[in-house]
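What follows is a set of notes on a single structure, which appears directly below.
The values are calculated or read from the model by the stated rules, or taken from the named source; none is laboratory data. Nothing here was measured: the structure is a model prediction, and the numbers come from that model. As a convention, Cβ positions derive from the backbone with ideal geometry for all residues, glycine included, and neighbour counts pool all protein chains shown. All accessible areas refer to the heavy atoms of the entire protein, side chains included, with ligands and DNA or RNA removed. Shrake-Rupley method; radii C 1.70, N 1.55, O 1.52, S 1.80 Å.
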Amino acid sequence: MQGRQRFHGQIAGVGSTSGARVVVGRWTASPFGTFADVMLEQADGHRVLLAPTPQVAEFVADTYVFDEVVVCPVSAAATLGRAGTPEGSRWDVRAGDLAVRFTVGGRAPLGTLLRAVPGRVADSTAFATLADPVARLTLRGVRTRGQARSGRREWYAAHDLHRITSLTGRWRRADLGALAAVDPPTRFGFSSTPRTPGVTSVVTTVEVLGVRGVAGGAPPTVV
């Protein structure tokens, strides 16, 4: 799989009072079809990928950095919000030893600005490139373009942002606690999700050059 690969969907980023930070990808169109995946960084810094298939696990682990990769069923069901919008919706995420529920609130001010950008422009790598200096200055730990693992390049073209207002969940039998900021920023790649928990509508573009990275950490665990 070479060339530019595009993933259309949403990225939810939340922190918790236990110190764990969770990033959920809910993809409606991608080279792998429709799927969901989860990146989780524990309070001690241990980074885990929860992926639904070996193929998705391989691609994501070649793009980001993890200490542990788990292949298991992953679902991220979302209810409809008010008038069919994200506001008021609830996500129910299940992935191996992880169970998380969170509710989505109103559109953030940045989301209002992003919605004003025409769709084809907002989804482009050119827009992600132009937005990167602004993101660096205004959103701690957030980048919209950068160098990924295995010599890959990556762009995040965002076109909407809603706040997350509540969180409940468990990870490996431990309670995650209540909703908190994504702090410190996650360390899966060159960018974290915003510090304020939220759901970002995004088109992610990954440029694959056909050079795989050196495997590190524990081998994948299949559940």
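See the values below:
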{"item": "Identity of the residue in segment 76-97, more than 30 Å from residue 151 (Cα to Cα), assigned to a strand (DSSP E or B) and out of contact with any Gly (no Cβ under 9 Å at 6 or more places or on another chain), that ends up least open to solvent (accessible area, probe 1.4 Å)", "result": "91"}
{"item": "Where a residue in segment 56-85 is of a type in the set (Asp, Glu) and its partner, wherever it lies, is in a helix (DSSP H, G or I), with Cβ under 7 Å and at least six apart", "result": "62/149; 62/150"}
{"item": "Any hit, segment 44-63, residues being among the aliphatic types (A, V, I, L, M) and surrounded by fewer than 19 Cβ atoms within 10 Å (Cβ to Cβ)", "result": "no"}
{"item": "Residues (over 21 Å from residue 71 (Cβ atoms) and among the charged types (D, E, K, R)) located in segment 83-104", "result": "87, 90, 101"}
{"item": "Test: residue in segment 64-79 that is over 18 Å from the mean Cα position of the chain (by Cα) and more than 15 Å from residue 25 (Cβ to Cβ)", "result": "yes"}
